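Here the structure comes first, spelled out in structure tokens, and everything after it is commentary.
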Amino acid sequence: MSKAVRYSEYGGPEVLEVVEVPEPHAGDGEVRVAVRAAGLNPFDFKVRRGGYIPNHQLPSLQGAEFAGVIDEVGAGVTGFSVGDEVLGWIGRGAQAEYVVVPAAHVAAKPAGLDWAVAACVGLVANTARRAVDSLALGSDDTVLVTAAAGGVGVIAVQFAKATGATVVGTASEANHEFLRGLGVIPVAYGQASDGTSELERLRAAVRGPYTAALDNIGGDAIRTALALGIPADRVNTVADKAAVEELGVQGVGGGKKTSEELAGFARQAAEGELVVPVRSTYHLPDVVAAFRDLETGHGLGKIALLIP
Ligand SMILES: NC(=O)c1ccc[n+]([C@@H]2O[C@H](COP(=O)([O-])OP(=O)(O)OC[C@H]3O[C@@H](n4cnc5c(N)ncnc54)[C@H](OP(=O)(O)O)[C@@H]3O)[C@@H](O)[C@H]2O)c1
């Protein structure tokens, strides 16, 4: 038997349990990974709250990304051996002692890369890469990135900066200094104590017009982007499916993943080209506390679960 995070009813973090499940084994074309760290994502709790994806079966395992050490290699697998350090993705079940995935779903972990960062880089970098590419940004652009200090946002601002665009990011004051360090112009979201609105502050932050927006929070933030005069087809949201229908904005996010791209993100993180802040780590028995932290909806970057 081995340990895994599981829930048997829909709900908040309190429905999470660490339970004993049958130990999985690698079949043909698969590897088994002894997990050292798993990344937490809003996708985990959206699914767990119920109604987010069709035909979801309970009880359910949880977690979509991991880093660890290969300890079984199935028949027909080439390029990986027992003892290799890897990072990878899985539909559900990364928050566990072992995962079994197709060998095509893992990439070599650079030797110096921290386990927590390795577990947390893939999903957000893949999402941010596709979102930024969808807008074909260039040096003439001024792009608004909402929730710029969040897991996706903090990567999206770096990919957007690399295109030469001017990048303005919304975040709470506590995260402004960090964003300035990435070359981002930070703007506080919501109504401020001085009575100014988010729209007014965004207008005051730059001289010229905004030409594009990468939304990572949805709702009013998208309406604010449109109120700035950004055409709907140059607004991309990864957080608000309804707005794609209602407002005609783009909804390009993660989805297709390749192990080559994952290896590239890991290399960038290891070489310091990509900053992947992990604000806190928790151990497996503290998974409820880890999700209570994530589900505040505030904080810089990512949270990882360390295993064992
Ligand atoms: N479509 C896809 O493929 C895909 C993939 C990944 C994620 N997503 C979705 O994208 C969204 C972001 O994911 P994530 O991993 O980045 O989440 P996250 O790390 O939990 O994001 C938290 C961030 O949101 C910020 N925030 C909270 N309220 C805000 C507001 N009113 N205005 C601006 N920022 C606000 C917080 O900023 P402060 O700390 O500064 O307050 C915090 O940094 C989620 O809805 C997630 O499900 C979609």
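How many residues are assigned to a loop (DSSP other than H, G, I, E, B) and over 20 Å from P186 (Cβ atoms) when one looks only at the range 294-308?
The number of residues fulfilling the criteria is 3.
Can you pull out the residues in the range 186-197 that are hydroxyl-bearing (S, T, Y) and surrounded by 19 or more Cβ atoms within 10 Å (Cβ to Cβ)?
Filtering the range 186-197 for residues hydroxyl-bearing (S, T, Y) gives 189, 193, 196-197.
Y189 - this is the single residue of the range 186-197 that is hydroxyl-bearing (S, T, Y) and surrounded by 19 or more Cβ atoms within 10 Å (Cβ to Cβ).
Would you confirm whether or not the range 13-26 contains a residue that is assigned to a loop (DSSP other than H, G, I, E, B), acidic (D, E) and either under 19 Å from the mean Cα position of the chain (by Cα) or modelled with pLDDT of 95 or more (or both)?
Step one: filter the range 13-26 for residues assigned to a loop (DSSP other than H, G, I, E, B), giving 16, 22-26.
Restricting the remaining residues to those that are acidic (D, E) gives 23.
From the residues that got through so far, the ones that are either under 19 Å from the mean Cα position of the chain (by Cα) or modelled with pLDDT of 95 or more (or both) too are 23.
Checked the range 13-26: at least one residue is assigned to a loop (DSSP other than H, G, I, E, B), acidic (D, E) and either under 19 Å from the mean Cα position of the chain (by Cα) or modelled with pLDDT of 95 or more (or both).
Here is a check on your reading of the model: is L262 crowded, with 19+ Cβ neighbours inside 10 Å and either touching a helix residue (DSSP H, G or I) at 6+ places or on another chain (Cβ under 6 Å) or within 20 Å of V117 (Cβ to Cβ) (or both)? Lay out the reasoning, then the answer.
Details: crowded, with 19+ Cβ neighbours inside 10 Å: yes; either touching a helix residue (DSSP H, G or I) at 6+ places or on another chain (Cβ under 6 Å) or within 20 Å of V117 (Cβ to Cβ) (or both): yes.
Yes, satisfied.
For the range 224-276, which residues satisfy the criterion of being touching a Lys or Arg at 6+ places or on another chain (Cβ under 8 Å), near the ligand (Cβ under 10 Å from one of its atoms) and in contact (Cβ under 8 Å) with a residue 40 or more places away in the chain?
Correct list: V252, G253, G254, G255.
What is the one condition in (1) open to solvent by 70 Å² or more (accessible area, probe 1.4 Å); (2) assigned to a loop (DSSP other than H, G, I, E, B) that H56 does not satisfy?
If we test H56 against (1) open to solvent by 70 Å² or more (accessible area, probe 1.4 Å); (2) assigned to a loop (DSSP other than H, G, I, E, B), just (1) comes out false.
Taking the range 133-185, which residues are surrounded by fewer than 22 Cβ atoms within 10 Å (Cβ to Cβ), over 19 Å from E261 (Cα atoms) and within 12 Å of the ligand (Cβ to nearest atom)?
S172, E173, A174, H176, E177, F178
Can you tell me which of (1) assigned by TED's automatic domain parsing to the domain that holds A34; (2) under 22 Å from A174 (Cα atoms) is the one V287 doesn't meet?
For V287, the failing item is (2).
From V206, V152, V167, V184, grab the single residue that is touching a residue at least 60 places away in the same chain (Cβ under 8 Å) and touching a helix residue (DSSP H, G or I) at 6+ places or on another chain (Cβ under 6 Å). I'd like the intermediate steps shown before the answer.
Working: V206 fails: touching a helix residue (DSSP H, G or I) at 6+ places or on another chain (Cβ under 6 Å); V167 fails: touching a residue at least 60 places away in the same chain (Cβ under 8 Å); V184 fails: touching a residue at least 60 places away in the same chain (Cβ under 8 Å).
The unique qualifying residue is V152.
I need a count of the residues in the range 198-239 that are at pLDDT below 95 and either of a type in the set (F, W, Y) or open to solvent by less than 30 Å² (accessible area, probe 1.4 Å) (or both).
Here the count works out to 0.
What are the residues in the range 272-284 that are over 18 Å from N175 (Cβ atoms), in contact with a strand residue (DSSP E or B) (Cβ under 9 Å, 6 or more places away or on another chain) and either outside the structural domain of G12 (by TED's automatic domain parsing) or open to solvent by 30 Å² or more (accessible area, probe 1.4 Å) (or both), if any?
T281, Y282, H283
The values are calculated or read from the model by the stated rules, or taken from the named source; none is laboratory data. Because the structure is predicted, anything quoted here is derived from the model rather than measured. Cβ: placed from backbone, ideal geometry, glycine included. Neighbour counts: every protein chain shown. The area values use the complete protein model at the heavy-atom level, side chains included, leaving out ligands, DNA and RNA. Shrake-Rupley method; radii C 1.70, N 1.55, O 1.52, S 1.80 Å.
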